[in-house]
Amino acid sequence: MTQIASNLRLGAENLLMNCAGVRSGQSLLVIAEDPACGMYGEGLADAIADVARDLGCDVTVTVLPFDPGQADNSDDILASMEPHDQTVFLHRVGDQLRFSSVLASKRPIVCYALDREMLASGFGQTDHDAMIELKNLVNRALAGAQDIHLTCPLGTDVRGGRAQFPNSGSDTSVVRFPQSVFTPVPGSGFRGTVAQAGFLVGTGSNYYDPYGVELRDTLFIAFEDERITGFDGSAEDVAAARKHYCHVADQLGIDPWVMHSWHAGIHPGCAFKDSAGASLERWSGGAFGNPRLLHFHTCGNYAPGEISLNIVDPTVLIDGVPVWQEGRFFPGRLAGGEELLDRYEQLGALFRAPAQEIGLSANGRLQFEA
């Protein structure tokens, strides 16, 4: 057996066996992003491949640079996947295609544990089935709610009725690992104001220049149903936001003023230890699963949109019950939540002492620069 640290092995086995469902004799393709690109850490692909071989799989690792237009060549990606029983993406192209129908028949895995440390932590080790069950509990609560109210310390105040989820089908064409968010709640039926500080940043769907813009103060974005209706704040921030939304929309030929959907993190083991400003791309791809973060998909009438609005330490009242309270997620307040935590001891332990690191700067806020 390959010598892999025990915690890292447990995380890799959770990915491969519980999530990807690979078994001895199967063929696995790992599409890995070159670590020099700065997104995925050195040695992560090799560790996963070694554990897969120990499980009896025939493994192919393909290392590619990151090309922002790579998702447009989905035929090549599909062709490379075709001979294999399963594919794991350690590459941003998998994230770019997560809402695309081109991967729906293959259902590959996209890994959001960005390095060996994340995979070896509670984020990577927590039973994938437990996280799927937790996601489903949240979805049921939101779908059945009469009143959903979102607030945050900066002044977010958003309210709506039950989540109007699509009637059928998965919310993504890929399988997320770790499963760290619930199904995006459509903006329809919601209204209010989102308070935004630090920056506006992309969603990983497309990469454009600039990918993020700085906010000097708190910007307030008003919306009703699925339409952004205005910005309020300093003249400088309002001008920067309007310019950025129009710039991104013009580049991609989309409607800038869409407030498409929102969801929050549900994984108590998700930690992001660097400052968000050190790499906005890495932060937006690695921190979103922490319950201290809730984000809206905006700019473009599709998930995940092109500009993410990120709320720190949200409170989410579901029919008056604070299921998220100042950034702390309490699954025991959901129907079936206590039973779930009892059955999965590791998940229960994580919720008693959840990860707190989400990329905040020394002043306790998100900042554009490290």
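The values are calculated or read from the model by the stated rules, or taken from the named source; none is laboratory data. Keep in mind it's a predicted model, so treat the numbers as computed, not measured. Cβ coordinates were reconstructed from backbone atoms using ideal geometry, including for glycine residues, and neighbour counts include every protein chain displayed. Only protein heavy atoms, including side chains, enter the accessible area calculation; ligands, DNA and RNA are left aside. Shrake-Rupley method; radii C 1.70, N 1.55, O 1.52, S 1.80 Å.
Which count do you get for residues in segment 74-93 that are in contact (Cβ under 8 Å) with a residue 60 or more places away in the chain and touching a helix residue (DSSP H, G or I) at 6+ places or on another chain (Cβ under 8 Å)? Reasoning before the result, please.
Of segment 74-93, the ones in contact (Cβ under 8 Å) with a residue 60 or more places away in the chain are 85-86, 88-93.
With touching a helix residue (DSSP H, G or I) at 6+ places or on another chain (Cβ under 8 Å) added as a condition, the list becomes 88-90, 92-93.
Number satisfying all stated conditions: 5.
Do you know which residues across segment 155-180 are modelled with pLDDT of 95 or more, hydrophobic (A, V, I, L, M, F, W, C) and closer than 25 Å to GLY269 by Cα?
Within segment 155-180, PHE177 is the sole residue that qualifies.
Is it the case that some residue within segment 97-120 is in contact with a His (Cβ under 7 Å, 6 or more places away or on another chain) and either assigned to a helix (DSSP H, G or I) or free of Cβ contacts under 8 Å to residues at least 40 places away in the same chain (or both)?
The initial filter retains those residues of segment 97-120 that are in contact with a His (Cβ under 7 Å, 6 or more places away or on another chain), namely none.
Scanning segment 97-120 turns up no residue that is in contact with a His (Cβ under 7 Å, 6 or more places away or on another chain) and either assigned to a helix (DSSP H, G or I) or free of Cβ contacts under 8 Å to residues at least 40 places away in the same chain (or both).
Report whether or not THR172 is among the β-branched types (Val, Ile, Thr) and either open to solvent by 20 Å² or more (accessible area, probe 1.4 Å) or part of a strand (DSSP E or B) (or both). Explain how you work it out, then say what you get.
On the way: among the β-branched types (Val, Ile, Thr): yes; either open to solvent by 20 Å² or more (accessible area, probe 1.4 Å) or part of a strand (DSSP E or B) (or both): no.
Spelling it out, it is not the case that THR172 is among the β-branched types (Val, Ile, Thr) and either open to solvent by 20 Å² or more (accessible area, probe 1.4 Å) or part of a strand (DSSP E or B) (or both).
Can you name every residue in segment 3-25 that is open to solvent by 60 Å² or more (accessible area, probe 1.4 Å) and either in a loop (DSSP other than H, G, I, E, B) or in contact with a Leu (Cβ under 8 Å, 6 or more places away or on another chain) (or both)?
So the first thing to find is which residues in segment 3-25 are open to solvent by 60 Å² or more (accessible area, probe 1.4 Å), and the list is 3, 5-7, 10, 17-18, 23-25.
Within segment 3-25, GLN3, ALA5, MET17, ARG23, SER24, GLY25 meet the criteria.
Return the residue satisfying two criteria in turn: it lies in segment 293-313 and is open to solvent by 30 Å² or more (accessible area, probe 1.4 Å) and out of contact with any Pro (no Cβ under 8 Å at 6 or more places or on another chain), and of such residues it is farthest from SER205 (Cα to Cα).
Selected residue: ASN301.
Among the candidates GLY155, GLY144, GLY161, single out the residue that is surrounded by fewer than 19 Cβ atoms within 10 Å (Cβ to Cβ) and touching a Lys or Arg at 6+ places or on another chain (Cβ under 9 Å). Can you show your working first?
Details: GLY155 fails: touching a Lys or Arg at 6+ places or on another chain (Cβ under 9 Å); GLY161 fails: touching a Lys or Arg at 6+ places or on another chain (Cβ under 9 Å).
One residue alone meets the criteria, GLY144.
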